[in-house]
Structures are given as C-alpha cells and as structure tokens.
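S.K.: So that we are looking at the same thing, I have put the structure below in structure tokens.
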Amino acid sequence: MIFQPPILALLMVAALAALVALWSGAFAIRVLARWDMANMSRAQLRMERMAELVSTLFGAVMLAELAALLLFVFNSDRMASLFVGAMCAVGTLNVNAYGFPALYLKIGVFFAATLWLILDHADRLGRDFPLTKVKYAALLAIAPLILADGATELAYFLNLHTDVITSCCTKLFTPNNPGLANHMASIGEGTALVWLSVIALAVAGSGAYVMLRKRGYWIYALASGALFVAGLTAIVATISLYIYEDPNHHCPFCILKPEYGYFGYVLYVPLFFATAMGLGAGLLQPFANIPSLKGKLPGLIARQVVWSMIGFALFGLAVIWAIARSHLILFG
Amino acid sequence: MMTWARRQRALADYTLAALSRRKGKNIALVAIFSLVVFALSSAMFFAAALRHETTVVLRDAPEIVVQKLIMGRQDLIPGDVVETIAGFRGVTSAKGRLWGYYYDRINGANYTVMVPDDPALIPPVGYVAVGEGVPRARGLAWEGAPLFLSRYEGDLKRFDVDRTFSRDSALMTADLVLMNPQDFRAFFDIPEGLYTDVVATVRNQNEVATIVTKASNASPQMRFVTRADIERTYQKLFDWREGLLVVLAGAGLLAFAIFAAEKASGLSAEEAREIGILKAVGWDTRDVIAMKMWEGGLVSLGAFLIGTVAGFAHVFLFDGVLFAPVLRGWAVIYPDFALAPHIDGVQLMTLALLTVVPYMAATVVPVWRTASGDPDAVMR
Amino acid sequence: MITLNAVTKLYNEGRPNEFAALQEIDLTLARGAMSVLRGPSGSGKTTLLSILACMARPTSGRVSIDGELVSGLPERFLTELRRTTFGFVFQRFNLVRGLTALENVMLPTVPLGADYGQTRDKAMARLEALGLADKAAMPIEHLSGGEAQRTAIARALINDPPILIADEPTANLDTALAEKFLAILAEERAAGRTVILTSHDPRIWEAEGVDRIVTLRDGRIVEGELAEGVLGEDVA
Ligand SMILES: Nc1ncnc2c1ncn2[C@@H]1O[C@H](COP(=O)(O)OP(=O)(O)O)[C@@H](O)[C@H]1O
Ligand SMILES: [Mg+2]
C-alpha cells in the first residue's frame, strides 16, 4: 500500500460511510418490523427522531462520497507518475483488478444515495410518512453497496504496488483491445454522435410529453438513463478526440486535467446531475397517487424533470462548444 | 428554492450570533482545531513542495542512465559503451559521466563530487565549484577561501573555489562539488577511458521503454535506469515520509474529534435551555440539526482556513522550520533554500476531507441527541 | 375548534414511576373565545395545554383541530401545524439570553424561510404596538419583568397565529402589570384571536372577557362550577 494523505482521506470516508451503512441498516430492520404511525408511544416517537438522524447521515454520506469520488479520480491522476506506463487516472486504476470496480461502485453509491435522498424527501412531504417502509427497504439494498464500495477501495489501495507495469488510456481506449472500454472507443465517431443526438431527442420528446400529460415519467427516466450511457460513450468515442485535438486519444479522464481546462467537469457535472434527477422522477412516479402525497408529489416530480432537462441541455451545450472550438476536423 | 436559501440564511445568521455569544468556548475550539489542521497542512505542503522540487530538478536530467554491474554492485564502465548506446535508433546523444561521493573526515559530511555534463560549468584545473552547503558545513569564513580535501590520514589536497552555487533548487546541489575531469581522475585514481556511468538522451519520450529493452538485450551486464524510475523513487520516499507525518497529525485529529464530541454532548445548561426554547417556539428537530451543522461547518471552515493559511506560511515563508528534519532526511547538510510555493486541488480537497469530515462525524450524534429533546420540556 | 376525546397522558410509561398526568379528558374549546384552565398546582394544566397545542402527543385518545385529527401526526407535522396555528407565552417567558428583544421576537420565523426584511418590519411593528420600540435593540437580560413578558407576547404573535396560548401568565407579575397583560389579551380576543390560558390566579378567572373556565383536578376535569375550597391552599 502507498502511504499517502489522499488515500488515507478516502479510506476514512469509506470507513465512516460503512459505519453509517451498518448502523442505518440495523435501524432499517427495526423500522420494517415496528414502524407504526398510528401508535403514539414513546418508542415510535424515538424511531421518528432517529429517522431524522438517518436522513442527516445519508445526506452527509452523499456529500462526502461526492467529494470522495472527485478526489479518487483526481488522486488517481496525480499518482500516475508512480507507476510505469501510467499517464493519467486510467493507468493508476489499472494497476490492479480493483481499480475500476472501485470507481464504478463509487459512482453507483453516489447515484443510490442521491435517489434515496429524493425518496426520503418525498416521504417527508406526506403527513403519514407513507414511504417510510419503502425507503428503509431501499436502504437495506443500498447498505451492501456502500460496504462493497469500501471493501473494493480498501483492496485496491492495499494492492497498489509501484513495481507493476500498467497500461494507460492510449492502450485501453483503443479500438483493437478486448473489453468494454474499447467497445466504447470503437463505436465510431459518427455513430456515437448520432446515437447521442437520437437519444437526446428522445429525452426532449419524452420530457415534453410528461410535462404536458403529467404521466409516463418512467419513460423519461429510462431515456435519462440511456442518455447517460450514450453521453459517456460519446465522450469516449468522439468528444474527447475534439478536446484533445488528437484523432487517437480516447480518454474520459484526461479531460479532467488542467491541461484541457478542466473541461471534463463541464461535461460530467451536468450529465450526472441531470441523470440523477431524471431517474428520481421515474422513481417517485409510482407514489404520486398516495393520498397524503397527491397534493405535493406531482409538483416535485415535474420540477425534477425540469431540472433534469436543464442539466441535459447544459451538457448538450458543452458538447457543442467542445466540438465547435476544436481545431480537429473529423467529418467532412 | 428561494425559501430554502432564505431559511439557510436565517439559520446562518442565528448560528453566527450564537457563536459570538459563546466567544470564549468557540475561540478555544477553533484554536485547537486550527493547530491540528496546521500540523496536517504543513506536512502535506512540505512534502508536495519537495516532490515538486525534485520534478523540476529531474526535468533536465538525462532520460537513461547506464550502469555496469559486477556481482550486483556498480562498477566503472568502459568508454566504448558510449558508442554502443549512441548507436541505437532514437538516442540523440550518449556521454560518459564521472561522479562519486566523498566522505569529509573533518566534519563527517558527504559530498557529491562530479564532473558536470555542461562544458561551461567545468572549472579549470585546480579549482572546484561547490554547492552552498559545502562552505557552510566547513565554516569557510570568507569568499574565495580554498577547500582542502583529505582522502586519508596525512593527505591534503588543495582546491580553490571557483564559484558557489546559488540557493534556488538547493535540494540537489547543496552538497555538490564540481571538478575538472583531470582533477577528478587524479583525486579518485580513475584510469582514462573508464567512467562512473553513461547517460543518454532520447529524442522521443515514448521510445524510452523500447530503447531500454533493445539495449538491455544487447548488453545484458548493464543496468538501465530511466528518469521516470528515479522520479518514482523520490516520490515514494517523500510519500512515505509525508504519510508518516499525516498519521501523526491524524492521531492529533482523533484526539481532537473526541474532544469535540465531548464538547458537543456535554451541553451547558444554558445551551440546552436555549435549544429547548427553539423547539418550543416552532423549530423542528431538523431545524436544530441544520443550525448545529452550520455551527460545525463554520467552526471547521474557520479552522480549515486558519490552519491551511498558517501551514502555507510555515512551509513557504518560514521554510518549514518545524518539520524540515523529518522530511528532508537526517543528512548533516540540510539544503538551505526557500521552497517554491506550490499548492493544488488534491491537497486542498484532502485537507478539507481530513479535517471537516472527522469533526462532523464526531459531533453529528451528540447534535442529534440535543436536537431531539421534547419541545414541551421548557414548559416545566 | 379544538376537540379532545378521551385523552390520557402517562409520564414514564411502563416504568415503576409511571404517572397519569391526564386521564380520559373530553373537552371542546371554541374558536374566538377566551378560555381559562384552572386547577391546583400539579393538576395537569400545563400537560393539557401542551397536548392541545400540539407540543406533545397524548399517550392515548384523539385530538383534533377544526375537525382534522392531529394526534396521529408525526412530530414534524405537529411542529409545522403548531408554528402556523399557535403562539405561546410561557410561564417563565423563555426568552433567549444574549439575543436582543427584536432577535427573540424573530426566532419563530427562522424555520419558515420568510423574507428577512419583511419579518424584521413585522417584528418591529409588534414591539411598537406593545410600547417596546426603544427596547428592540436591547439584550433581553436588560429588560424588566413586564417588558420581558411583552416581548414574549410579541414573539407569540409574530407568525400571526389564530390561537394565543399562555401558561400561568400572571404568576410573576404584580397587579398593575397583570392588569396590563389582561388588557392586551382582551384586545387580541376582540381582534378575533382565540385565547387559552392556564392559571390559578383569581384575577384572571374574574377578568372581563373570559368566556369559559375549565377546572382540572388530579388530571381530570371537575364538572360544574368550581366549589369554594377546591383550590384552597393553592391560591396563596
Ligand atoms: N416530564 C414529566 N415526567 C414525569 N412527571 C411529570 C412530567 N411533567 C409533569 N409531570 C407531572 O404531571 C403532573 C401534572 O403536571 P403539570 O401539567 O405541569 O401540572 P400544572 O401545570 O397543573 O401544575 C405533576 O404531578 C407533575 O409532577
Ligand atoms: Mg403548570
């Protein structure tokens, strides 16, 4: 293991998140067994107050995980100089088999925690807390994800040996290597952009539909999820090429570097935000008809769709801007 | 959205007023917290600056160093290797180097003695150029005093000091003694045609690995060290020492977190009553938690800023006086130079996470316990 | 209209020191009236007040406000309801030391996310109406008992609640101040606010404008007019 402050910070966050997951998991089991809004006992009151603690803790975990996600990528990039063959985060993450799973789990935890907070927010709008059991059942599913994230991260850092020769983005994101990354890189610059535009149109269309009809939000959520995948694919296959002005450099991480003006954040932040909001809208739809939520939930869902569409629009503008200002000409 | 922002603002207002009402307690809290952050940030800035320094120094180093190994130990390398290396495609130049260490029996210091690559730096016969640490270690009183070096009992060789290196980037040059090749061979008794090692520069960075592979096939008894290897070694060394200091600071942080948790759970009667009143006049458990989070946020933000700025000043204005011995190693000759200010996002983010998160974690449960009191408690 | 049905409140439920502060209370209080809860110390007045004003949940029984059942609500919504429905003047005023009178008056508005400027103007207006304009910027410790109570009234009214509640409001006041306080209450009542008081102070029961007197004893409502001597030793 490499003994480094950012790694210590990341492990600390992971350990605290795991602690929260374990504790709130145990609490969730109690809620599922004993929650009863009609009961006015002290024990029920104590559970209600404890639920406030769980919400607070999850909010904190989500923020800390978001910061940890950024730091994880940042630090992988910086540590690249420690490994033979690594030039950016990809090389560092490839040092052992846990690197990329740790990253994916981190992203997963971020989305899961965000969606849970959305559910929590919706639950608290209803005077009888109608979603409490759903919410805590979901929490039981998220807790193992958080634990897996912490464990993978620990395994990754413990097995980070500097004498390993790793392969970096130039090797990983090239069309003639087996694996998911290369699939993304080999899709073809034009195809990826076409798919991106088609799915973006689907998002816009379904967004307009759900805003008018006030139903079918799950279609919008599906479209958002698809746009997330298409967006990431297009970044690897096409957009990164424009940013690097190099027809062979397909790396989704180097765009986060100062050399490229931190442009990656302009792409990723709206994309992640918009996706989370879009998925949240789909998640809440089944509950929109619960009597105690009828008055408030549809408004919340509609607002989420609006925010999501704004996020995707910003992402789209960033993509167009990246292509427009580039000196690289891929088509025509 | 608007309501949310206004509510946060009102909570922040209230929190600021509450903090200033309990000035004594909060100043003590921030002061101790800042001290911990200061230790942590000093360690991190110092290590990062050293790392940065080595990168800068190594930027001009040759891409490949070739050493001859005999029974695993480095041996003098014959000059014909230079031609062999220079013959590889992609190598722009190859040169034999002369350098070694000299143990100064007078003060127990170790100097690096070498013949510079750059012909312009080679001193005339009988002269040396020295790093600023050498006259300091020797206590040479005046500019131009000669340097006497003794190889064994009774031996004394005089060199005149041609020039002394300036202080910037002293890390690598503090203990340096530059000689003319003729003097070097005579002083260390090295025959013509042999070198300490051979350095090669390469046209294209990306070809280094290929060249090294080819060259090691051609001359298996040679060892090839690349610049990246050297850089890695330094990085690891500094990382390790930094980690050590951070763990020490972390112990301090843990102690502080326990202290903060104590403070947060042992509310004064006055404060407990105040929270009771807030709940009675219509604050929800959440509102109280949010207010307390503001309090924790402001305290840790304040401590973070104070500690970070103080650490920055300590390292870059006062040369890290408190930590230098640990991080630079225990060599007799300390480099004496101002570190170039260097700061980056990873450091700041790490610092923020390492300080704010433990504080929040330590206080959240006590805060929640305080906030979940019965609103009707103050009626009795 | 506030209705209580068979409300029981047990303290330390299930423990050896369990204590029934209220037992099977049935009570209806009308809107727009001034009602007084009276009874000796320890008879459960404060407990009853905190339950009907959504400060605490009963152990059993039902509480409804204007027909809506509130006794099953989570604490969070009780708080929300309380904020918009009730204003409190506590027996010991419960002002936050170290804050000014104005800041104290503004406390209940913090969680609402209301506009700061507007709230401050409203708080100033309340203080002015109660003759405290020149004390607004003064820390609460520097106010006299009467001024502190009027500040507490201003705070109770800042969110413009339809129901004003006061627990033993005259216990710490001399006769002149108590009369002044009653005058303020009468004014508020005349302006359409419901007023609910607890007191064992005869000055209050006999005050003009009191529409209803409910007598408590050992956690139960005593039927009919109060017999002399029920309060007996306590009045002094
Ligand atoms: N939190 C509590 N725990 C235990 N007993 C309490 C508590 N609060 C009040 N009591 C008891 O309940 C009874 C009624 O109290 P209270 O409602 O304050 O009466 P009053 O206001 O009429 O003086 C008293 O005997 C008191 O000791
Ligand atoms: Mg009482």
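S.K.: Suppose each label sits 7 Å from its Cα in the direction of the beta carbon; what would the B:Ile230-A:Ala26 distance come out to in nanometres?
M.R.: 5.6 nm
S.K.: Then there is this: Tell me which DSSP H helices of chain C clear both cut-offs, 30 Å or more of axial length from alpha-carbon atoms and a mean Kyte-Doolittle hydropathy of at least 1.6.
M.R.: Values: long enough: none.
Going by DSSP H runs, there are no hits.
S.K.: I've got another one for you. Determine the dipole magnitude for the protein assembly as shown: charges of +1 sit on the beta-carbon of Lys and Arg, -1 on that of Asp and Glu, nothing else is charged, the reference point is the Cα centre, and the result goes in debye to the nearest 20. Let's see the in-between values first.
M.R.: Numbers: 83 positive and 86 negative charges, 296 e Å.
Here the size comes out at about 1420 debye.
S.K.: Please identify, among C:Thr194, C:Thr109, C:Thr175, the residue showing maximal mean-square fluctuation in a Gaussian network model of chain C using a 10 angstrom Cα cutoff.
M.R.: C:Thr175
S.K.: Additional query: Express the carbon and sulfur contribution to the solvent-accessible surface of chain C as a percent, rounded to the nearest whole number, probe 1.4 angstrom. Display every interim value, and only then the final one.
M.R.: Working: 4680 of 9810 Å².
C and S fraction of accessible area: 48 percent.
S.K.: Let me ask something else about it. In sequence order, what are the phi-derived ³J(HN,Hα) couplings for segment C:192-205 according to the Karplus relation 6.51 cos²θ - 1.76 cosθ + 1.60 with θ = phi - 60°, rounded to whole Hz, with x for glycine and proline?
M.R.: Each residue of segment C:192-205 in turn: x, 7, 7, 10, 10, 10, 10, 6, 10, 9, x, 4, 7, 4 Hz.
S.K.: Give the average over all directions of the projected area of the C-alpha convex hull of chain B, one decimal, in nm².
M.R.: Averaging across all directions leaves 27.0 nm² for the Cα convex hull.
S.K.: Quick one: longest stretch of chain C between exposed loop trypsin sites (Lys or Arg not before Pro), exposed meaning at most 14 other C-beta atoms within 10 Å and loop per DSSP?
M.R.: Longest stretch, sites excluded: C:98-236.
S.K.: Using the Karplus curve 6.51 cos²θ - 1.76 cosθ + 1.60 with θ = phi - 60°, what ³J(HN,Hα) values do you get for each residue of segment A:249-256, in whole Hz, with x for Gly and Pro?
M.R.: For segment A:249-256, the Karplus curve yields 9, 9, 10, x, 9, 4, 5, 7 Hz.
S.K.: A further question on this structure: Relative to the present Cα-Cα distance, how much length would full extension add between B:Arg73 and B:Ala313 at 0.36 nm per residue of separation?
M.R.: Working: separation 240, 0.36 × 240 = 86.40 nm, distance 4.40 nm.
Here the segment from B:Arg73 to B:Ala313 would lengthen by 82.0 nm.
S.K.: Taking the alpha-carbon distance from A:Lys214 and a cut-off under 27 Å, which lysines remain once sequence neighbours fewer than 8 residues away in the same chain are dropped?
M.R.: The reachable lysines, counting only those whose Cα sits under 27 Å from A:Lys214, are A:Lys133, A:Lys135, A:Lys294, A:Lys296.
S.K.: Write down, largest first, the equivalent ellipsoid semi-axes of the protein assembly as shown in whole Å, where each equals the square root of 5 times an eigenvalue of the alpha-carbon gyration tensor.
M.R.: 72, 35, 22
S.K.: Rule-of-thumb check for chain C: C-alpha Rg over 2.2 N^0.38 Å? Provide the component values of the computation, followed by the final result.
M.R.: Numbers: Rg = 17.9 Å, N = 236, 2.2 N^0.38 = 17.5 Å.
Its radius of gyration relative to the 2.2 N^0.38 Å reference: 1.02.
S.K.: Can you list residues whose amide H is under 5 Å from C:Arg217's amide H, if they're 5+ apart or on another chain and H is modeled 1.01 Å from N?
M.R.: C:Val222
S.K.: Further, regarding this structure: Taking the alpha carbon gyration tensor of segment A:1-132, what are the square roots of 5 times its eigenvalues, largest first, to the nearest whole Å?
M.R.: On the way: eigenvalues 305, 36, 23 Å².
Equivalent ellipsoid semi-axes, largest first: 39, 13, 11 Å.
S.K.: For the protein assembly as shown, what proportion of DSSP beta bridges, expressed in % and rounded to the nearest 5, is antiparallel? Working shown, then result.
M.R.: On the way: 47 of 72 bridges.
Counting DSSP beta bridges with both partners in the protein assembly as shown, the antiparallel share is about 65 percent.
S.K.: By how many degrees, 0 to 90 and rounded to 10, does the Cα axis of helix B:285-316 deviate from the longest principal axis of chain B?
M.R.: Compared with the principal axis, the helix lies near 30 degrees.
S.K.: If R0 is 22 Å, what FRET efficiency do you get for A:Ala302 and A:Val269 from their C-beta distance, rounded to 0.05? Provide the component values of the computation, followed by the final result.
M.R.: Details: r = 23 Å, r/R0 = 1.04.
Computed FRET efficiency for A:Ala302 and A:Val269 comes out at 0.45.
S.K.: OK, next. Quick one: helix B:208-218 against the long Cα principal axis of chain B, what's the angle to the nearest 10°, folded into 0 to 90?
M.R.: Helix B:208-218 sits at roughly 40 degrees to that axis.
S.K.: Around C:Met34, which amide H atoms from residues at least 5 apart in sequence, or from another chain, sit under 5 Å from its own amide H, with H modelled in the peptide plane?
M.R.: Long-range HN contacts for C:Met34: C:Val195, C:Asp211, C:Arg212.
S.K.: Using a Förster radius of 30 Å, what is the FRET efficiency between B:Ala31 and B:Glu271 based on their Cβ-Cβ separation? Nearest 0.05, please.
M.R.: Details: r = 20 Å, r/R0 = 0.66.
Result of the calculation: an efficiency of 0.90.
S.K.: Name the residue, out of B:Asp175, B:Asp160, B:Asp284, whose mean-square fluctuation peaks in a Gaussian network model built on chain B with Cα pairs under 10 Å.
M.R.: Highest fluctuation of the listed residues: B:Asp284.
S.K.: Between the helical axis of B:227-265 and the dominant principal axis of chain B, each derived from Cα atoms, what acute angle in degrees is found, rounded to the nearest 10?
M.R.: Helix B:227-265 and the main axis of chain B meet at about 20 degrees.
S.K.: Here is a further query. List the DSSP H helices in chain A whose Cα atoms stretch 30 Å or more along the helix axis and whose mean Kyte-Doolittle hydropathy is at least 0.5.
M.R.: Numbers: long enough: A:5-34 (43 Å, 1.83); A:42-79 (53 Å, 0.74); A:99-123 (36 Å, 1.14); A:132-158 (38 Å, 1.13); A:189-213 (36 Å, 1.35); A:263-284 (32 Å, 1.66); A:297-325 (42 Å, 1.53).
Result, helices passing both filters: A:5-34, A:42-79, A:99-123, A:132-158, A:189-213, A:263-284, A:297-325.
S.K.: Strictly over 26 Å apart at the Cα level, which of B:Lys279/C:Lys9; C:Lys135/C:Lys180; A:Lys257/B:Lys236; C:Lys9/C:Lys122 would you flag in this model?
M.R.: Values: B:Lys279/C:Lys9 20 Å; C:Lys135/C:Lys180 18 Å; A:Lys257/B:Lys236 22 Å; C:Lys9/C:Lys122 37 Å.
Those over the limit are C:Lys9/C:Lys122.
S.K.: Another question, then. How much length, in nm to one decimal, is gained on full extension between A:Ala155 and A:Leu222, taken as 0.36 nm per residue of separation minus their Cα-Cα distance?
M.R.: Details: separation 67, 0.36 × 67 = 24.12 nm, distance 3.34 nm.
My answer for the length gained is 20.8 nm.
S.K.: Give me the orientation-averaged projected area of the Cα convex hull of segment A:173-332, in nm², one decimal. Mind showing how you got there, number by number?
M.R.: Values: hull surface 40.2 nm².
Average projection, Cα convex hull of segment A:173-332: 10.1 nm².
S.K.: Pull up all non-local amide H partners of B:Arg97: gap of 5 or more, or a different chain, and H-to-H distance under 5 Å with H placed in the peptide plane.
M.R.: Answer set, sorted by chain and number: B:Thr196, B:Asp197, B:Val198, B:Val199.
S.K.: Further question on the same structure: Rank C:Ile196, C:Ile153, C:Ile221 by mean-square fluctuation in a GNM of chain C with C-alpha springs under 10 angstrom and give only the top-ranked residue.
M.R.: Per the Cα network of chain C with a 10 Å cutoff, C:Ile221 tops the list.
S.K.: Average the reciprocal distances over every distinct pair of alpha-carbons in chain A, invert the result, and give the Kirkwood radius in Å.
M.R.: Values: mean 1/r = 0.0467 Å⁻¹.
Value: 21.4 Å, from the Cα pair sum.
S.K.: Let me ask something additional. If I take the Cα coordinates of segment B:62-226 and project them onto the principal axes, what are the three extents in Å, biggest first?
M.R.: Cα spread of segment B:62-226 along its principal axes, largest to smallest: 52, 34, 25 Å.
S.K.: With label points built 7 Å along Cα→Cβ from the Cα atoms of A:Glu259 and C:Asp66, find their separation and express it in nm.
M.R.: Placing both labels 7 Å along Cα→Cβ, they lie 6.7 nm apart.
S.K.: With each label point set 7 Å from Cα along the Cα-Cβ vector, what nm distance links A:Lys214 and B:Leu254?
M.R.: Label at A:Lys214, label at B:Leu254, 5.7 nm between them.
The values are calculated or read from the model by the stated rules, or taken from the named source; none is laboratory data. Computed from a predicted structure; not experimentally measured. Cβ atoms come from the backbone with ideal geometry, glycine included; neighbour counts cover every protein chain shown. Calculation scope for accessible area: heavy atoms of the full protein, side chains included, ligands and nucleic acids excluded. Shrake-Rupley method; radii C 1.70, N 1.55, O 1.52, S 1.80 Å.
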